There are 2 protein chains.
Amino acid sequence: MRRDIFQAIADPTRRAIITLIALQAMTPNAIAENFNTTRQSVSKHLRILTECELVKQEQQGREIYYSLEVEKIKEVDQWVNQFRKIWETRFNQLDDVLSTLKKG
Amino acid sequence: MRRDIFQAIADPTRRAIITLIALQAMTPNAIAENFNTTRQSVSKHLRILTECELVKQEQQGREIYYSLEVEKIKEVDQWVNQFRKIWETRFNQLDDVLSTLKKG
DNA sequence: TACATTTGCAACCATTCGGTTTCGCAAAGT
DNA sequence: ACTTTGCGAAACCGAATGGTTGCAAATGTA
């Protein structure tokens with residue numbers, strides 16, 4: 001069962017979880033309270049997020065705090081980057097057209 | 001059947017298609033030749049990509065050329081952006097630690 | 001010790017997904 | 001007129017997905 005980050009962020013609940021724990025670590029119960037679903041369901045999502053290293057866990061007594069491995073999201077950024085060049089080039093071309101119109 | 005861009009880019013074949021047609025429009029047959037799959041399968045992927053407006057089509061005779069709507073990828077960039085702030089902040093904090101060590 | 005809380009995990013289920021096969025239609029070639 | 005080519009859509013299939021339920025393990029508390 002190969003997990004990759006793109007599959008992980010495909011699910012809207014998982015994206016919401018990521019946003020939720022981006023700033024502070026939270027327990028599965030606390031996370032589940034923010035959604036219209038069960039703790040077990042959240043637990044499954046956390047497992048997937050952990051498998052692809054988007055999330056790390058820290059045990060404290062009987063509670064487990066989950067937090068975001070924010071650096072991992074850079075992988076998505078890098079993928080987007082190859083297209084950024086394209087849309088910036090097109091913008092520059094538009095810019096050229098506009099300045100040509102201005103001069104003409 | 002609600003399509004969103006995150007679900008669209010979750011599939012590796014679809015990401016490959018996106019990269020393939022990023023620079024030049026291609027027909028389904030031409031795209032399929034680049035993969036280990038059938039034209040019909042590619043056609044299904046193209047349908048999904050079109051549904052969420054990642055791809056546009058242009059009919060030329062009996063051929064249909066598909067090309068990337070590169071601006072749409074900005075939506076992913078915007079999602080990543082909320083986390084970019086976090087990892088840049090952490091980098092600055094690390095920077096502070098390093099400069100403090102240097103001074104000390 | 002006895003009991004409650006927090007959690008992960010396995011089993012199960014309905015739905016969705018990705019792929020193949022088949023079909024029908026329209027455009028182009030002979 | 002007939003065949004070939006390029007295409008989308010529908011039917012079908014095995015696998016994966018997301019969710020629920022039930023249970024066991026570990027920790028904290030009376």
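The values are calculated or read from the model by the stated rules, or taken from the named source; none is laboratory data. This one's a predicted model, so the numbers in the text were calculated from it and none came from an experiment. Quick reminder, even Gly has a Cβ in these numbers, built from the backbone with ideal geometry, and neighbours come from all protein chains shown. The accessibility values were calculated without ligands, DNA or RNA, using every heavy atom of the protein model including side chains. Shrake-Rupley method; radii C 1.70, N 1.55, O 1.52, S 1.80 Å.
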TODO: May I ask which residue of chain B has the beta-carbon nearest to the axis carrying chain B onto chain A, and at what distance in whole Å?
DONE: B:10, 2
Open item on the list: Just checking the output field for B:75-85: average partner chain Cβ neighbours within 10 Å of each residue's Cβ?
Closed with: 5
Task: Between A and B, accessible area buried - total, square angstrom, nearest 100, 1.4 angstrom probe - done: 2400
- [ ] Work out how much length residue A:51 to residue A:25 would gain on full extension: take 0.36 nm times their residue separation and subtract the Cα-Cα distance, in nm to one decimal.
- [x] 7.6 nm
Open item on the list: Helix-only mean residue ellipticity at 222 nm, chain B, DSSP H runs n ≥ 4 weighted -39,500 (n - 2.57), per residue, nearest 500. What is it?
Closed with: -18500 deg cm²/dmol
Task: Label-point separation in nm, residue A:59 to residue B:40, each point 7 Å along Cα→Cβ - done: 5.1
- [ ] Would you calculate the volume per residue, in Å³, of the smallest convex hull containing every Cα atom of the range B:5-103?
- [x] 126
Task: Distances in nm from residue A:67 to the matching label points in the other copies, shortest first (labels 7 Å along Cα to Cβ) - done: 4.7
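Give the carbon-plus-sulfur fraction of the accessible surface of the protein assembly as shown in %, rounded to a whole number; probe 1.4 Å, heavy atoms of protein chains only. Intermediate results must be reported in sequence, preceding the final value.
Values: 6350 of 13480 Å².
Solvent-exposed carbon and sulfur of the protein assembly as shown make up 47 percent of the total.
Among the GluC sites (Glu not before Pro) in the range A:48-81, which ones are in a DSSP loop with at most 11 other Cβ atoms within 10 Å of the Cβ? Mind listing them? Could you put the intermediate results ahead of the total?
On the way: sites: A:51, A:53, A:58, A:63, A:69, A:71, A:75; in loops: A:53, A:69.
Here no loop site has a sparse enough neighbourhood.
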Task: Position residue B:84, label points 7 Å along Cα→Cβ, spacing to each other copy in nm (shortest first, one decimal) - done: 0.5
- [ ] Measure up A:44/A:72; A:74/B:56; A:85/B:56; A:72/B:44; A:74/B:44; A:74/B:74 against 23 Å on the Cα-Cα distance and list the ones that go over.
- [x] A:74/B:56; A:72/B:44; A:74/B:44
Open item on the list: Taking θ = phi - 60°, what integer Hz values does the Karplus form 6.51 cos²θ - 1.76 cosθ + 1.60 yield along the range B:44-57, in sequence order, with x for Gly and Pro?
Closed with: 5, 4, 5, 5, 5, 5, 6, 4, 9, 6, 8, 9, 10, 10
Open item on the list: Please list 3J(HN,Hα) in residue order for the range A:11-18, calculated via the Karplus relation 6.51 cos²θ - 1.76 cosθ + 1.60 where θ = phi - 60°; whole Hz, with x for glycine and proline.
Closed with: 7, x, 5, 5, 5, 5, 4, 4
Task: Å² per residue, accessible surface of the protein assembly as shown at 1.4 Å - done: 65
- [ ] Would you mind finding the longest exposed-site-free stretch of chain B, with exposed trypsin sites (Lys or Arg not before Pro) meaning DSSP loop and at most 16 other Cβ atoms within 10 Å?
- [x] B:4-61
